[in-house]
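What follows draws every value from the coordinates through simple rules; no lab data is involved. What you see is a predicted model, and the numbers here were worked out from it, not measured in a lab.
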Amino acid sequence: MKVYKVKVNGKVYEVELEAVEERKETIKAEAAPATSAPVSAGANTILAPIAGKVVDVKVNVGDVVKKGQTVAIIEAMKLENEIQSQFDGKVVEIKVTKGASVNNKDVLVVLG
């Protein structure tokens with residue numbers, strides 16, 4: 001054990017840290033779910049910027065979306081986050097449903 005002094009907001013704390021041995025392990029990436037179809041080339045995708053629960057989907061397939069328009073709302077850490085389109089386009093596919101859990105960078109909406 002090593003003892004360190006740490007200063008936080010002007011107050012000094014003593015902390016004990018235990019040395020741990022380093023291990024080298026391989027982490028295998030999980031395969032994408034078989035149900036997710038690939039996104040067509042040339043399509044613009046709107047991705048989830050955070051992990052959370054989809055509270056609402058504000059667009060339907062066939063809707064014309066303008067840059068800055070809210071396409072979905074995701075709740076994360078008790079806050080509702082409006083997800084806005086970064087592109088102009090027509091909604092060709094919606095990859096999520098209301099109540100679904102999403103991870104960071106999951107595809108929410110595909111624009112053509």
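Search the structure for amide H atoms under 5 Å from the amide H of residue 90, placed 1.01 Å from N in the peptide plane, and list their residues when 5 or more places away or on another chain.
65, 112
Just to check I understand the Karplus step: with θ = phi - 60° and J = 6.51 cos²θ - 1.76 cosθ + 1.60, what whole-Hz values come out for the stretch 55-63, glycine and proline as x?
Couplings: 8, 7, 10, 8, 10, 10, 4, x, 5 Hz.
Specify whether the C-alpha gyration tensor of the stretch 55-112 places it in the rounded, prolate or oblate class, a ≥ b ≥ c being the square roots of the eigenvalues: rounded for a/c under 1.5, otherwise prolate if a/b is larger than b/c and oblate if not.
Taking the square roots of the gyration eigenvalues as a ≥ b ≥ c, the stretch 55-112 is prolate.
Check which residues have an amide H placed less than 5 Å from residue 71's amide H, if you skip close sequence neighbours.
Sorted by chain and number, the residues that satisfy this are 83, 84, 85.
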